[in-house]
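Inspection log for the structure reproduced underneath, given as C-alpha cells.
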Amino acid sequence: MRYLSLFRFLPALLLALLLSPVSASAAPESVPLKTGWLGEYEAFPVWYAREQGWDKEAGLDVEMLRFDSGKALIEGMKAYKWVLGGCGIVPTVSAAFGAPFEVVAVPGDEAAANAVLLRKDGTTAVKGKLVLCTQGTSAHYTLVQWLHSLGLTEKDVKIRFMPPEQALGAFRGGMGDVLVTWAPYTYVAEKEGCVVAATAAGVKSSLPLVLLADKQFAAENAELVRRFLALYQRGAAVLAAEPDEQVVAAYVRFCKEWAGRELDAATARKDLQNHRIYQVSEQLDLLGEGPGSLRARLSDMAAFLAAGKAGDGGKAAELPAIRADYLQTLPQ
C-alpha cells in the first residue's frame with residue numbers, strides 16, 4: 001500500500017519539480033551581447049537566429065539596437081555601447097575617422113538592391129536631366145558608376161540630394177527625371193510604374209555588407225566574436241538557397257515588427273533574392289589581398305568620398321582595420 005500511495009502522488013511531485021525555480025548551476029547562463037543595426041536586410045539573419053533561440057544555444061543573449069542611418073549607427077557605438085553590428089560599405093568608410101571598430105566579416109552584397117529608375121514614359125537621354133538621390137550613400141555611388149558607364153560625370157546632370165523617403169515622394173509627385181535609391185524604395189517605385197535603367201550590380205559595382213566589432217571588445221573577447229559570427233552564419237544559411245514560404249513570411253514579420261516597414265510577400269521575396277550571401281570561404285577570400293578584395297573596394301569607396309562627392313570636403317578617408325582570424329575558425 002505504501003508503494004501505491006507513492007505512485008498516487010507522483011504526478012503532483014513531478015508538477016512541483018517542473019514549477020520550482022531552476023538553480024543557476026543547472027542552466028547555462030547566456031552572455032549579454034549588445035549589437036547595432038540598420039532596419040535593413042543585413043540585420044535579418046541575427047533577428048531570425050534570435051527568433052529560433054539559437055543565440056541562447058550559443059551561450060549568447062543578443063540585444064539588437066536599431067539606428068536610422070549608418071552615421072548614427074557608427075556614432076552610437078560609444079553612446080549606446082554596442083560591440084558588434086553591421087551595415088553597408090559606404091558608412092563604414094565615411095564614418096571610419098577615429099572610429100574604434102574593425103571589419104570582421106563580409107556576409108553579403110547589396111549591389112542588386114540599388115537601382116537607377118526612370119519614369120515609364122521617360123527618355124533614355126540622360127545629359128542635363130534632374131536626378132533625385134541621397135548624398136553620400138550607396139545610391140549616390142551607384143549614380144556615379146552608372147554615369148561613368150555612359151561616359152558621363154555628375155557635372156553632366158543636375159542632382160537634387162534628399163533623404164530616400166523624400167526623394168521617392170518628390171519623384172512620385174513629378175519632380176525629377178531620374179531616381180536613384182535602394183531597396184525597398186526601389187520596389188515601391190517599380191510598383192508605381194517606374195522602370196529600372198540599371199542596378200549597381202549591372203554596372204559592375206560591388207556594395208558589400210560588413211560586420212563590425214568594437215576593437216577593444218574583440219581583443220578581450222575573441223571567443224564571443226567567433227560565437228556571434230557562427231550565429232550570424234547559421235541565420236544566413238536559411239537565405240543561401242531560394243527563400244521558401246516560411247523564410248519569406250519571417251522576413252515580412254521582421255520588416256514590420258523590427259524594421260518598422262510594411263512589405264508584401266512578393267516584395268519580400270524579391271528583396272531576399274536581390275541580396276547575395278557569401279559563404280565563409282568567399283568571405284575569407286574577400287578579407288585577403290588583391291584587386292577584388294574588400295580592401296580594394298574600401299579604397300575605391302574612400303576615393304569616391306575623398307573626391308568630395310559625399311560632402312567630405314576632399315578629406316582623405318581613413319580605412320577601417322580588417323580582421324579575418326575570427327572567421328578562420330568557422331566551418332567553410
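The values are calculated or read from the model by the stated rules, or taken from the named source; none is laboratory data. All figures in this text were calculated on a predicted structure; none of them were measured in a lab. Cβ atoms come from the backbone with ideal geometry, glycine included; neighbour counts cover every protein chain shown. The accessibility values were calculated without ligands, DNA or RNA, using every heavy atom of the protein model including side chains. Shrake-Rupley method; radii C 1.70, N 1.55, O 1.52, S 1.80 Å.
Results, tabulated for the structure shown:
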quantity	calculated
Scope segment 113-166; condition in a loop (DSSP other than H, G, I, E, B), closer than 23 Å to Ala302 by Cα, in contact (Cβ under 8 Å) with a residue 40 or more places away in the chain and among the β-branched types (Val, Ile, Thr); matching residues	Thr134, Thr137
The listed residue being within 18 Å of Arg172 (Cβ to Cβ) and either open to solvent by 20 Å² or more (accessible area, probe 1.4 Å) or among the β-branched types (Val, Ile, Thr) (or both), out of Lys129, Lys158	Lys129
Selection within segment 71-112 - in a helix (DSSP H, G or I), under 21 Å from Pro164 (Cα atoms) and open to solvent by less than 10 Å² (accessible area, probe 1.4 Å)	Leu73, Ile89, Val90, Thr92, Val93, Ala111
Restricting segment 29-46 to residues that are without any contact (Cβ under 8 Å) to a residue 60 or more places away in the chain and either under 8 Å from the mean Cα position of the chain (by Cα) or on the phi > 0 side of the Ramachandran plot (or both), the residue that is most open to solvent (accessible area, probe 1.4 Å)	Leu38
Every residue from segment 205-220 that is open to solvent by 10 Å² or more (accessible area, probe 1.4 Å) and either in contact (Cβ under 8 Å) with a residue 12 or more places away in the chain or farther than 30 Å from Ala302 by Cα (or both)	Ser205, Ser206, Asp214, Lys215, Gln216, Phe217
